[in-house]
Amino acid sequence: MKKVASVGILVADVIVEPVIKYPEKGILEPVNSITVHNGGNAMTAAINLSKLGVESSMIGMVGDDMFGTFLKNKLEESGADTRGLKISTDEQTSASVLMIDKSGERSFFHTRGVNAVFSEKDIDYNIIEECDAVFVTGTFLMDRFDGEETMKFLRKCKEMGKTTFLDVCWDATGRWGKLLDMSMPYIDYLMPSIDEAVCIAEKDSPEEIADVFVSKGAKNVIIKLGSKGSYLRKEGETSGCIFQPYYIENPVDTTGAGDSFCSGFLAAFARGESLENCMIFANATGAHCVMAKGATTGIKTYEEILEFINDRKEI
């Protein structure tokens, strides 16, 4: 089985729910719960992969603070390799406050913290050498690493014979392709959500978006379509395919659903599954994420998710 390195952001998520309305200044508004969870694209992937039975390494940075200790402990509890986790004494751990409404949808406040200063120089290439696949995730929220440093890192990964994957976050600065285009020739699997993909490619449909990404050098294009499922354009093909989602009647929390989709894809890929089976398993893993509060809480074992898939083949 392949080993995966998750490179990118870690975030402490403070979840507030349910938020029925925002209080006016100076007014207290009661909620049912305020809890702390691990989050951040790369950390979510590292923990999910461990839960799915895949060896995973976490490469990123936390602060020397309460949130940093919490996140490191969560990684170690999951069995993920934390040798690549750097501790900063200068910046705080990245954190978000997520407001979950009664439908399970979210809005949030976010501070980049150490994710903004994490750099290519913080990466231990000895750990990369031990891995077969490298997943860069959190692009557009890593001020120092985004752009040229990401390109340099991915280029070196390809020189080392690694399979590369990349996912992005929302770019509030609006730079989009200006930061990412230079990395495209070194990305084997580009995996954005549709909203980010539209902004990067400046096209609206998955087919048009894939055309743009492939023209810039990406080998395979995967687009997360939310409630509409997911899209795959395989290397060398001129059109793609939509994979239908698994409907969850009463979603609890959508936090980390896209990251869990990527985790599921990587877990199936690590086992040598076909790309089509990877997409099916990815959709099912994303569905499990929304069944529980937090980015990784709802993820079950690989075998349990396979059973979930097989049970629904008969429906």
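The values are calculated or read from the model by the stated rules, or taken from the named source; none is laboratory data. What you are looking at is a predicted structure, and each value in this text was computed from that prediction instead of being measured. Virtual Cβ from ideal backbone geometry, glycine too; neighbours counted across all protein chains shown. These area figures cover heavy atoms from the full protein model, side chains too; ligands, DNA and RNA do not enter into them. Shrake-Rupley method; radii C 1.70, N 1.55, O 1.52, S 1.80 Å.
Values for this structure:
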| item | result |
| --- | --- |
| Criterion: without any contact (Cβ under 8 Å) to a residue 12 or more places away in the chain and either hydroxyl-bearing (Ser, Thr, Tyr) or in a helix (DSSP H, G or I) (or both) - qualifying residue of Thr238, Thr164 | Thr238 |
| In region 15-33, residue farthest from Phe109 (Cα to Cα) [restricted to those that are among the β-branched types (Val, Ile, Thr) and open to solvent by 30 Å² or more (accessible area, probe 1.4 Å)] | Ile27 |
| Answer from Ile34, Ile59 - the residue that is under 17 Å from Ala95 (Cα atoms), of a type in the set (A, V, I, L, M) and touching a strand residue (DSSP E or B) at 6+ places or on another chain (Cβ under 6 Å) | Ile34 |
| Selected residue (only one of Ala172, Ala197 is in a helix (DSSP H, G or I) and among the small types (Gly, Ala, Ser)) | Ala197 |
| Qualifying positions in region 206-241 - β-branched (Val, Ile, Thr), at pLDDT 95 or above and more than 19 Å from the chain's Cα centre (by Cα) | Ile209, Val212, Val214 |
| Long-range neighbours under 7 Å by Cβ, at least six apart or interchain, first residue surrounded by 18 or more Cβ atoms within 10 Å (Cβ to Cβ) and of a type in the set (S, T, N, Q) within region 243-263, second modelled with pLDDT of 80 or more and part of a loop (DSSP other than H, G, I, E, B) | Ser263/Leu52 |
| Region 76-94, residues that are buried (at least 23 other Cβ atoms within 10 Å of the Cβ) and not in a loop (DSSP other than H, G, I, E, B) | Leu85 |
| Flag for Thr150 being hydroxyl-bearing (Ser, Thr, Tyr) and more than 18 Å from the chain's Cα centre (by Cα) | no |
| Of all residues in region 124-161 being among the aliphatic types (A, V, I, L, M) and not in a strand (DSSP E or B), the one that is farthest from Ser94 (Cα to Cα) | Met160 |
